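Some notes on the structure that comes next.
The values are calculated or read from the model by the stated rules, or taken from the named source; none is laboratory data. In this text, all values refer to a predicted model and were calculated from it rather than measured experimentally. For neighbour counting, all protein chains shown are included, and Cβ atoms are generated from backbone atoms with ideal geometry for every residue, glycine included.
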């Protein structure tokens with residue numbers, strides 16, 4: 001039976017980081033990846049350019065039932081630490097917006113960086129192999145991997161969440177957690193488009209908006225789709241949405257439409273609401289919205305009474321709707337919820353009641369917003385576990 005100081009199950013962002021850090025300090029490390037190739041989600045991220053971190057990543061950018069949990073790992077391995085690693089490999093990157101950093105020459109560079117780090121410090125890799133069974137006896141973990149029997153003092157679960165099943169996502173990490181008595185916060189698709197029928201004729205139209213949901217106020221772009229709404233604003237808001245929640249959209253976050261209407265009435269130059277609104281929106285949006293959402297008589301602004309003006313203004317500043325659902329794990333960027341962090345050390349990522357068992361990355365109930373935050377959590381949590389194992 002082959003024995004290791006640490007076996008990491010999952011060859012993605014957090015797993016490769018953890019293995020490299022532990023092996024750097026002399027630990028015999030093995031990464032097991034069920035896919036034939038490592039880091040498939042890394043390669044698919046950021047439209048193939050990998051939004052590998054965010055300059056402003058902090059605890060406030062993450063959702064968790066235990067919001068203080070992520071503070072320790074993020075403070076000890078901040079975005080700048082990973083940026084310095086990227087720079088040391090000569091990887092060229094750029095800031096897109098809101099602190100989001102992307103690779104100039106593709107996500108492959110980030111994966112190659114991680115794989116190279118692992119090779120340099122002697123990390124062994126088994127790819128295209130799946131763990132069938134995990135047991136523990138005598139303070140060691142035994143893994144059945146096909147015909148092989150492996151043993152380790154430290155077992156790190158880095159198998160990710162349930163999103164992107166086509167890239168190899170499974171619930172194996174959650175099953176191992178349950179096997180060892182660790183609770184799970186309810187999981188759901190997150191950073192995912194919403195379903196909402198009746199607006200397919202606007203498909204492809206993108207507008208800058210303000211989304212308000214459960215006290216969260218998000219400024220970004222909304223995209224109408226054939227099935228509902230998407231775009232960065234919706235994906236970010238979906239992190240906080242639960243079935244039945246109402247969402248409020250402000251289509252003119254930087255304009256006071258009431259003032260514009262009253263000014264137009266005083267001056268008399270702009271006769272209709274359609275003409276006024278065409279100064280802010282594409283014509284097809286104005287025509288559709290006035291017909292479907294405002295539903296007012298076709299008359300000049302001069303003839304609008306106060307109630308009609310209020311109805312017009314609210315339809316653009318405070319459009320409320322309840323999404324009919326989401327597009328599910330197939331389209332979700334991440335999984336919200338996960339292994340309950342109340343049972344995990346925030347410093348080491350080790351299960352408090354099971355010595356040597358670690359959970360990192362998306363498996364934990366720590367979910368970042370859109371924009372590189374989830375990669376930063378992968379680096380930080382993987383680094384924390386790797387350091388803890390190296391120190392043993």
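Of all residues in the range 282-309, those that are in contact with a helix residue (DSSP H, G or I) (Cβ under 8 Å, 6 or more places away or on another chain) and under 21 Å from residue 250 (Cα atoms) total 11. For the range 179-192, the criterion of being touching a strand residue (DSSP E or B) at 6+ places or on another chain (Cβ under 8 Å), modelled with pLDDT of 95 or more, part of a helix (DSSP H, G or I) and assigned by TED's automatic domain parsing to the domain that holds residue 129 is met by at least one residue. State all residues of the range 193-217 that are crowded, with 16+ Cβ neighbours inside 10 Å and within 14 Å of residue 245 (Cβ to Cβ); if no residue qualifies, say none. Correct list: 194, 196, 211, 212, 213.
Give, as residue ranges, the helices (runs of 4 or more DSSP H) completely inside the range 277-392 that count at least 2 residues that are modelled with pLDDT of 95 or more and within 20 Å of residue 228 (Cα to Cα).
283-289, 306-317
If you filter the range 268-315 down to residues that are in contact (Cβ under 8 Å) with a residue 40 or more places away in the chain and crowded, with 16+ Cβ neighbours inside 10 Å, you find that the one that is nearest to residue 198 (Cα to Cα) is 288.
Just so you know, in the range 66-97 the residues that are part of a loop (DSSP other than H, G, I, E, B) and without any contact (Cβ under 8 Å) to a residue 24 or more places away in the chain include one that is farthest from residue 117 (Cα to Cα), and it is 67.
For the range 199-234, a tally of residues being without any contact (Cβ under 8 Å) to a residue 12 or more places away in the chain and either over 17 Å from residue 252 (Cα atoms) or not in a strand (DSSP E or B) (or both) returns 1. Scanning the range 103-130 for residues that are in contact (Cβ under 8 Å) with a residue 60 or more places away in the chain, within 23 Å of residue 90 (Cβ to Cβ) and buried (at least 16 other Cβ atoms within 10 Å of the Cβ) returns 107, 110, 111, 114, 115, 117, 118, 121, 123. Within the bounds of the range 31-45, is there any residue that is touching a helix residue (DSSP H, G or I) at 6+ places or on another chain (Cβ under 7 Å), surrounded by fewer than 20 Cβ atoms within 10 Å (Cβ to Cβ) and farther than 24 Å from residue 386 by Cα? Yes, the range 31-45 contains at least one residue that is touching a helix residue (DSSP H, G or I) at 6+ places or on another chain (Cβ under 7 Å), surrounded by fewer than 20 Cβ atoms within 10 Å (Cβ to Cβ) and farther than 24 Å from residue 386 by Cα.
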